[in-house]
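Visitor: Pasting a structure below so you can have a look.
The values are calculated or read from the model by the stated rules, or taken from the named source; none is laboratory data. The model shown is predicted, which means the values in this text are computed figures rather than measured ones. Neighbour counts are summed over all protein chains in view; Cβ atoms, including those assigned to glycine, are modelled from backbone coordinates with ideal geometry. For the accessible areas, the whole protein counts, side chains as well, though only heavy atoms, and no ligand, DNA or RNA atoms are used. Shrake-Rupley method; radii C 1.70, N 1.55, O 1.52, S 1.80 Å.
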Amino acid sequence: MSARDPVGRRAFVVGAGAALFTANAVSGAEAGVVDGPLPDFHPALKAELDFPLAWGRSPIRDFRAWRRAARAKVEELLIVEGDERLPYAPEFGERSEGDGCTRELVTLSLTRYERVRAALLTPHGTGPFPAVLLLHDHGARFDIGKEKLVRPWYDDVRLASAQGWAEKYFSGRFVGDELARRGYVVLAVDALGWGDRGPLTYDQQQALASNFFNLGSSLAGLMAREDVRAAGFLAGLDRVDRRRVAALGFSMGAFRAWQTAALSDDLAAAAAVCWMTGLKEMMLPGNNTLRGQSSYYMLHPGLPRFLDFPDVASIAAPRPMLFFNGGLDPLFPADGVRVAHERLRAVWRSRHAEERLVTKVWPDLGHVFVDRMQDEVLTWLDSVM
């Protein structure tokens, strides 16, 4: 104890803690961690999230200036730096003929750290063709990634797994093959942990994300940067009409699709199936996000202090965008979907481009991308591309 500290630091801290405990006891609040696990004061943290950089809340009134500022903030919080000038240096594998398309594997550099293998489908005929960057889901299934969406003609073992996945979520269809038959060039790449870049296990995700943070990097930031690079590679192919490139994804792939549209000017449109919500409405006890693990692929630390999910997606406005959700989807509460769709519509309306935005809830469907949903997405893509 010093003359300047007559109470003593230890006594002060103990006394302050006791006062806080007494206040909690009086108010009836539980101390520590509650369902989720969430801190017992999580309602106060939620209340502080007002997303001040969102369009309409931000003091920036010029939309183009707002887009630049919002995108810059997202890119800053990705932590991972972009590699725009890095050569892709693609190596194309042996070609194989499929149903209405030519199939090939291509190995390329999306970052300076690793080369990845992608599936590339090219329609028969004379190009240049429209193209789709096809982004796979999470699903806690890591032995297959790009194979969830493109039939793996190159691997019989993965084909069996992929066929089962397609039956469960896609009415037995391979969405990439359907797109190629309709005249689209298709590119599908594994995210880190899936397919050729895995397989990871579910319980390893949190450690992987933690290790990225300890290395001054980010798992979610890496995935975002790689997806932007993949869009650039696809748009730059001679066989592709770079003015007609879209992103499409289901579940985590939907998150990746609208995120890539927000961060890349190489995409003319994007379709996101079963991943859009307001953050605060999703942060409820029992929601899958609160378990950690999978959520680290979609978690950019600090971003909610500035932008909500629909705010990030709105950086892509007024380009054509489609958002489907299932009314019975347990991962995305109805209130969160409603709030997100309303905020998206407000942004496109402010740009006098409401007709370019499609939001729809399928009341009888859960977390799936079944044939009738696919048919609507494909028809929509044809209309905007």
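Visitor: If you add up the charges near residue 372, with Lys and Arg at +1 and Asp and Glu at -1, over every other residue whose beta carbon is less than 14 angstrom from its beta carbon, what do you get?
Guide: -3
Visitor: Which one of 44, 271, 33 is farthest out on the positive end of the charge dipole of the chain, using unit charges on Cβ (Lys, Arg +1; Asp, Glu -1) and the Cα centre as origin?
Guide: 44
Visitor: Find the Cα radius of gyration of the chain, compare it with 2.2 N^0.38 Å by division, and give the number to two decimals.
Guide: Taking N as the residue count of the chain, the ratio is 1.08.
Visitor: Counting only protein heavy atoms, what percent of the accessible surface of the chain is carbon or sulfur at a 1.4 Å probe? Provide the component values of the computation, followed by the final result.
Guide: Working: 9330 of 17390 Å².
So the carbon and sulfur contribution to the accessible surface is 54 percent.
Visitor: Calculate the FRET efficiency for residue 161 and residue 84 from the Cβ-Cβ distance with a Förster distance of 35 Å, rounded to the nearest 0.05.
Guide: Values: r = 35 Å, r/R0 = 0.99.
Once the sixth-power term is evaluated, E becomes 0.50.
Visitor: What size of dipole, in debye to the nearest 20, comes out for the chain about its Cα centre when the only charges are +1 on Lys and Arg C-beta atoms and -1 on Asp and Glu C-beta atoms?
Guide: Dipole about the Cα centre, nearest 20: 1060 debye.
Visitor: By the scheme Lys and Arg +1, Asp and Glu -1, what is the net charge of all other residues having a beta-carbon under 15 Å from that of residue 360?
Guide: Its environment carries a net charge of -3.
Visitor: Between segment 315-385 and segment 146-206, what's the alpha-carbon centroid distance in Å?
Guide: 23
Visitor: Skipping prolines and chain starts, which residues have an amide H placed within reach, meaning under 5 Å, of the one on residue 101, given they are 5 or more residues away or on another chain?
Guide: It is 124, by chain and number.
Visitor: Given the peptides 191-203, 264-276, arrange them by the average over their residues of other C-beta atoms within 10 Å, most packed first.
Guide: 264-276, 191-203
Visitor: So who's got an amide H within less than 5 Å of the one on residue 185, skipping anything under 5 residues away but keeping other chains? H placed 1.01 Å off N, in plane.
Guide: 131, 132
Visitor: Shifting gears a bit: From the phi angles alone, apply the Karplus equation (6.51, -1.76, 1.60; θ = phi - 60°) to segment 144-157 and give each ³J(HN,Hα) in whole Hz, x where the residue is Gly or Pro.
Guide: Values per residue, Gly and Pro as x: 10, x, 4, 5, 5, 10, 10, 4, x, 5, 9, 7, 5, 5 Hz.
Visitor: How far is it, in nm, from the label point at residue 345 to the one at residue 239 when both lie 7 Å from their Cα along the line to the Cβ?
Guide: 4.1
Visitor: Oh, and also: Please give the net charge around residue 57, taking every other residue with its beta carbon less than 9 angstrom from that of residue 57, where Lys and Arg add +1 and Asp and Glu add -1.
Guide: -2
Visitor: Which distance in Å, rounded to a whole number, links the C-alpha centroids of segment 65-123 and segment 263-306?
Guide: 21
Visitor: Now, a different point. Whole-Hz Karplus ³J(HN,Hα) for segment 223-234, in order, using 6.51 cos²θ - 1.76 cosθ + 1.60 and θ = phi - 60°, x for Gly and Pro?
Guide: Here the 3J(HN,Hα) series is 4, 4, 5, 5, 5, 5, 5, 4, 4, x, 4, 4 Hz.
Visitor: Per residue of segment 50-67, what does 6.51 cos²θ - 1.76 cosθ + 1.60 with θ = phi - 60° give for ³J(HN,Hα)? Whole Hz please, x for Gly and Pro, Karplus curve as stated.
Guide: Result, rounded to whole Hz: 10, 6, x, 8, 4, 4, x, 9, 4, x, 6, 9, 7, 5, 5, 5, 4, 4.
Visitor: What fraction of the DSSP beta bridges in the chain is antiparallel, stated in percent and rounded to the nearest 5?
Guide: 45
Visitor: Then there is this: Tell me, in nm to one decimal, what length is gained between residue 335 and residue 69 on full extension, where the rule is 0.36 nm per residue of separation less the Cα-Cα distance?
Guide: 92.9 nm
Visitor: Using DSSP, restrict attention to beta bridges with both residues in segment 112-239 and report what percent are antiparallel, rounded to the nearest 5.
Guide: 50
Visitor: Let me ask something else. Could you state the accessible area per residue of segment 277-376 in Å², with a 1.4 Å probe and every protein chain left in place? Please report the intermediate quantities before stating the final value.
Guide: Numbers: 4100 Å² over 100 residues.
Per residue, segment 277-376 has 41 Å² of solvent-accessible surface.
Visitor: Is the shape of segment 302-385 best called rounded, prolate or oblate, per the rule: a/c under 1.5 gives rounded, else a/b larger than b/c gives prolate, else oblate, with a ≥ b ≥ c the square roots of the Cα gyration tensor eigenvalues?
Guide: Because a/c hits 1.5 or more and a/b fails to exceed b/c, segment 302-385 counts as oblate.
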